[in-house]
Amino acid sequence: MKSIVITLQLLFAFSLFSQKSDCHFTLKGTVIDSADNKPLSLTNIELIGIKGKSISTDKLGQFIFANLCSDSLELHISHLQCEHIHLRFKLTKDTSIVIYLQHSNHAIGKVTFTAKAEQDNLDKLNLRKLDMQKGGSIAELMQGIGGITLLKTGGTISKPMVNGLHSNRVIVLNNGIRQEGQNWGMEHAPEIDAFLATEIELLKGPEALRYAADGVGGVLMVKPASVFTENAQQLKGEFNLIGATNGRGGTSSLILGSQLFKLHPIYWRVQGTLKRSGNLKTPDYFLANTGTSEANYSAALGYQNERLKFEIFYSAFQTKIGIYKGAHVGNINDLLKAFQSDTPMYKADFTYAIDRSYQQVNHQLLKTNAEWQLNSSSSVQLTLAYQKNHRQEYDVLRTSNAFKGPDFDYYINTLTGDMAFIKSNLHKVKWTAGLNAIHQANSYTGRFFIPGFYNKGAAAYFIAERTWAKWQLETGFRYDYKHITAYLWRGNNLHVRNLQFNNATYAIQLHYQKSKALEYIFSSASAWRPPAPNELYSNGLHQGLASIEIGDSALKPERSYHNAFQLKYNTKKIKIEAEVYQKYILGFINLVPSMPPQLTIRGAFPVYEYVQQNVRMSGLNMAMKLDLKKFYYVKLSSNLLVASELNTHAPLSQMPPFSGKLTVGKSTKKYMFQLWGQGVAKQYRYLQGSDYVAPPKGYVLWGCDLSTEFKIKLQPFRFNLSINNLLSSKYRSYLNRFRYFADEPGFGLTARLIMPLNCNLNNNKK
Amino acid sequence: MKKNQKKSILIIAIITLSFGACKEKTPSPTTPPQNESELITTVKLVFTDTATKAVSTAVFSDLDGPGGNAPTQFDTIRLKPNTVYQTAIYLLDETKTPVDSISNEVLEEGQDHLFVFTKVGVNLNIQIADKDINSLPLGLLSYWSTAAVSNGSVSVALKHQPGVKDGSAAPGETDVEILFPCRIQ
């Protein structure tokens with residue numbers, strides 16, 4: 001969904017008609033999309049304070065209110081339920097207005113300067129782009145954003161990596177709520193139904209401070225569609241049916257919503273997804289035990305009148321993920337043997353069955369959100385959310401008659417509250433002030449990896465933006481207080497550790513619109529992150545990696561300083577977005593090899609310890625699109641990152657290597673076809689001896705996408721096909737933790753049928 | 001039923017469903033950890049001199065499992081030259097009361113397990129004496145025949161080979177691997 005926001009150019013064309021008596025004035029107008037100067041239909045125009053005066057613009061973008069009294073009018077203009085604008089003026093004569101609505105790139109009602117229609121955006125993915133990725137995990141959806149790569153564990157688990165950082169350093173916002181699971185684990189993927197997302201954005205400016213202080217790597221926002229449908233008398237929805245050859249996976253997802261009562265502005269929406277996939281196949285063999293299944297549902301209710309907007313949302317996410325059998329190693333000798341072997345130890349055929357080891361995760365979210373419009377320029381928002389995350393990990397059993405339960409059972413329950421006051425003075429100044437609070441309880445049964453703890457925190461933030469003719473400045477400040485009580489068992493003795501952290505975070509972003517086509521954005525931000533429980537207290541064997549990880553309870557928070565310069569160039573023929581950044585992280589908590597190996601009953605294991613270092617990360621993300629004649633286009637994008645420890649200049653491990661992608665395609669009104677090639681270099685920047693084997697060599701992958709739209713009778717359909725790894729190339733990725741054990745999946749074709757649903761509920765039987 | 005009533009029921013149903021689904025019991029953060037279900041803390045080798053019936057042992061014991069504290073006992077295998085020993089292996093979980101003998105499970109599922117002995121530098125010949133139900137070697141019981149005085153090491157490994165056991169050491173993963181120093185003196 002594109003967010004239509006405010007308006008810079010509001011043209012009032014008052015015209016004088018003949019004077020009429022007090023309540024016979026007409027207000028008519030046209031809403032125009034400033035991106036392409038075309039009329040915007042289905043824009044909702046509401047006269048605040050006057051009951052029943054709410055209409056939508058027609059196909060020509062026009063609306064008309066008749067029989068209005070001479071009065072101060074307040075107009076609320078919204079499109080696609082995104083950000084809205086308020087207009088106030090005194091009606092003294094028949095009036096006609098032209099309203100230019102503008103597309104925005106930003107999440108929190110931000111003023112933007114240029115028209116940005118369906119543009120290739122580095123930090124944001126819209127519905128159309130998401131269409132081509134459907135059927136993948138939420139992290140796979142995110143990888144179209146500049147700077148985002150995937151950190152994988154086999155073919156079944158992936159989590160987003162933002163400019164080389166991940167897990168505790170990357171915050172994922174689901175429906176405005178910070179996702180709270182066992183996020184620290186590299187093999188713990190975000191528990192979000194990918195079909196809930198209609199837009200995904202990497203927040204770069206100060207708006208991120210509203211949600212978190214510890215987004216050292218970045219804050220990713222997953223936005224669902226609004227529950228408030230535009231047309232009251234329509235049942236709106238979408239049905240998705242997806243099939244994939246590799247893994248023989250099938251996904252179906254349905255979303256439906258409408259207005260509940262004809263006369264009351266109460267809206268509902270239900271949504272559900274079912275997903276099943278079996279063993280994946282590399283070019284040469286099936287990967288044993290790589291099936292997955294997922295069942296999710298959500299329901300939302302909303303009430304909206306002139307002044308109050310209230311929403312209640314519930315979602316449940318359940319998944320079972322098989323872990324590649326060949327990656328289960330007992331000790332370091334098994335691991336070394338697996339490296340040397342080119343073929344897997346466990347031969348497998350295709351099956352949907354998932355055996356140990358596997359993960360089973362259940363995530364529930366209950367959210368209520370209320371927004372009061374106090375007057376035309378100020379509003380109050382109140383959000384309360386409760387999240388319940390239950391993760392179970394089942395390891396391979398030594399004997400089949402032993403215990404059948406999970407080896408790890410993690411529970412984390414989180415209650416968060418946010419209160420914000422938002423004041424926007426038409427288009428010049430806008431500020432948000434708010435308070436955050438969190439209460440979190442973490443517990444486990446089974447094997448110890450991280451301790452049980454209570455985490456209580458509170459924060460206050462202030463975010464402001466000011467607009468001048470060509471300049472826009474955004475600033476944000478946030479102060480956090482955090483208190484963690486951890487319960488550590490040493491044998492039969494309970495040790496209680498209390499930890500307190502408080503610190504400030506800031507962010508500044510400056511936009512400069514050089515010309516209509518060229519925009520510069522400079523941003524500077526600092527964030528901090530307290531050490532996570534695994535970094536503080538873990539002390540044990542990491543089975544999958546055949547290593548012993550030792551935490552350090554004396555770790556201090558880490559702090560980042562991030563500076564970035566972004567350039568956006570946008571003309572009809574060429575679009576460029578480029579970003580250079582430099583990030584310093586002081587006290588970066590890093591897992592480094594330590595001597596000597598530790599002796600266990602399974603042999604000696606290498607030991608890794610959490611230490612703090614000062615690091616520098618510099619990078620360049622670029623995306624370019626060139627429109628050629630006859631609807632042909634060329635796209636080019638690339639990511640480059642160099643990360644080093646400051647004193648020794650030693651490279652940081654597990655950083656994404658240089659990659660680039662070239663796409664050539666043709667897009668007409670009827671169809672889109674594109675062919676792409678993606679090259680990923682070998683990661684040469686790696687410290688000898690810091691890994692069991694050297695990083696895998698570089699590779700080139702090819703793929704293609706086709707999408708088209710058609711109608712059967714009156715029902716429209718969208719259909720698309722994607723092929724990944726077209727030539728079924730054999731390769732291994734440095735960012736896959738199972739690179740030691742197996743190749744990446746080979747050829748895979750995914751077909752998607754998307755059926756938008758629009759039924760009229762006009763059963764007027766009265 | 002009136003339409004509005006139906007709709008109200010729908011709302012109530014959605015809300016109850018939502019809250020109802022949250023009802024699962026969560027343990028408290030202060031809950032003590034359970035002992036690991038499948039821990040092997042101790043490997044005990046019991047050598048019986050086939051001639052004199054004299055018994056000696058060699059033990060490796062790491063009571064808190066991998067990681068944490070160092071092993072509490074790690075013996076050297078000491079054998080007499082030119083002697084034949086019958087060697088029995090016991091795998092124990094000493095965190096349980098009573099002590100759990102895991103060797104029984106290994107015996108029951110012998111078709112998925114194999115002990116692998118690797119000697120370096122010692123004049124010793126090891127032969128597995130027991131077999132699983134598929135007549136493949138198991139190794140809970142073996143004969144160790146020593147020759148001249150020598151020093152070196154013997155690695156005792158337990159392989160878990162569910163469905164892939166073929167009598168060789170290669171398949172499967174390692175549940176136990178201890179490199180015992182060994183002296184024939």
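The values are calculated or read from the model by the stated rules, or taken from the named source; none is laboratory data. Values in this document were obtained by computation on a predicted structure and should not be read as measured data. No Cβ is skipped: glycine too gets one built from the backbone with ideal geometry, and neighbour counts run over all protein chains shown. Ligands, DNA and RNA are excluded from the accessible area calculation, which covers all protein heavy atoms including side chains. Shrake-Rupley method; radii C 1.70, N 1.55, O 1.52, S 1.80 Å.
Below, the figures for the structure above:
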read-out	value
Relative counts (whole %) of C-alpha pair distances in chain A, using bins that are 20 Å wide	15, 50, 29, 6, 0
Average other protein chain Cβ within 10 Å of Cβ, residues A:568-581	0
10 Å Cβ neighbours from other chains, averaged over peptide B:65-74	5
At 1.306 mPa s and 10 °C, Stokes D of the range A:223-308 from Kirkwood alpha-carbon radius, µm² per second	104
Among B:166-174, B:66-74, A:735-743, the order from most to least packed when residues are scored by Cβ within 10 Å on average	A:735-743, B:166-174, B:66-74
Contact order relative to length of the range A:521-605, as percent, for alpha carbon pairs under 8 angstrom and 6 or more apart	28
Residues of type aspartates and glutamates that A:Lys152 reaches as a straight line, Cα spacing below 14 Å, ignoring anything fewer than 8 places off in the same chain	A:Glu140, A:Glu187, A:Asp743, A:Glu744
Amide H partners (placed H, <5 Å) of A:Ala213, local residues excluded	none
Charge dipole magnitude, Cβ of K and R +1, D and E -1 - chain A, Cα centre, debye nearest 20	1520
Over chain A, relative contact order from alpha-carbon pairs under 8 Å, at least 6 apart, %	10
Relative contact order of the range A:572-705, pairs being alpha-carbon contacts under 8 Å that are 6 or more residues apart, as %	18
Estimated buried accessible area (total), pair B and A, 1.4 Å, Å² to nearest 100	5000
For A:Leu73, distant residues with modelled amide H under 5 Å away	A:Phe89, A:Lys90, A:Leu91
Residue-normalised accessible area of the range A:526-683, expressed per residue, 1.4 Å probe, Å²	43
Partners for A:Lys59 among lysines (Cα-Cα distance below 23 Å; same-chain residues under 8 apart left out)	A:Lys2, A:Lys28, A:Lys38, A:Lys116, A:Lys236, A:Lys669, A:Lys670, A:Lys711, A:Lys713
Helix-only [θ]222 nm of chain B, DSSP H runs n ≥ 4, -39500 (n - 2.57) each, per residue, nearest 500	-4000 deg cm²/dmol
Cross-link pairs beyond the 18 Å C-alpha cut-off, checked among A:Lys388/A:Lys482; A:Lys572/A:Lys625; A:Lys388/B:Lys25; A:Lys568/A:Lys625	A:Lys388/A:Lys482
Euclidean distance of C-alpha centroids, the range A:368-424 and the range B:84-154, integer Å	50
Reciprocal of mean inverse Cα separation for the range A:424-463 (Kirkwood radius, Å)	13.5
Electrostatic dipole magnitude of the range B:42-184 [Cβ: Lys, Arg +1; Asp, Glu -1; Cα centre; debye, to 20]	800
Under Karplus coefficients 6.51, -1.76 and 1.60, residue-wise ³J(HN,Hα) of the range A:170-181 in Hz, glycine/proline x	10, 9, 10, 9, 10, 6, x, 10, 5, 5, 10, x
All-pairs alpha carbon distance profile, the range A:459-519, 10 Å steps from 0, percent	18, 25, 19, 16, 11, 8, 3
³J(HN,Hα) computed for each position of the range A:211-218 - Karplus, 6.51 cos²θ - 1.76 cosθ + 1.60, integer Hz, glycine/proline x	9, 6, 9, 9, x, 4, x, x
Relative packing of peptides A:176-184, A:660-668 - highest average C-beta neighbours within 10 Å first	A:176-184, A:660-668
Charge dipole (chain A, unit charges on Cβ, about Cα centre) - positive-most of A:Tyr692, A:Ala66, A:Asn724	A:Ala66
Mean Cβ neighbour count within 10 Å, used as a protection proxy, ranking A:527-539, A:450-462, B:130-142 highest first	A:527-539, A:450-462, B:130-142
Peptide A:593-601, shielding by other chains (average Cβ, 10 Å cutoff)	5
HN-Hα J in Hz across the range A:320-331 - Karplus 6.51, -1.76, 1.60, θ = phi - 60°, x for Gly and Pro	10, 10, x, 10, 3, 5, x, 8, 8, 10, x, 7
Dipole-positive endmost among B:Ala148, B:Leu124, B:Pro98 within the range B:42-184 (Cβ charges, Cα centre)	B:Ala148
The range A:161-275 shape via C-alpha gyration tensor axes, a/c threshold 1.5	oblate
Under the Debye formula (equal points on every Cα, no solvent term), log10 I(q)/I(0) of the range A:277-433 at q = 0.14 Å⁻¹	-0.83
B:Ser61 versus A:Ala694: modelled label distance in nm, points set 7 Å from Cα along the beta carbon direction	4.7
Leading residue at positive end of dipole, chain A (Cβ point charges), from A:Val429, A:Phe738, A:Ala650	A:Val429
Per-selection metrics, chain B (Cα): Rg and Dmax in Å	25.9, 98
Whole-angstrom gap from the range A:231-269 to the range A:432-507, using each part's C-alpha centre	36
For A:Asn736, residues with placed amide H under 5 Å, excluding near neighbours	A:Lys152
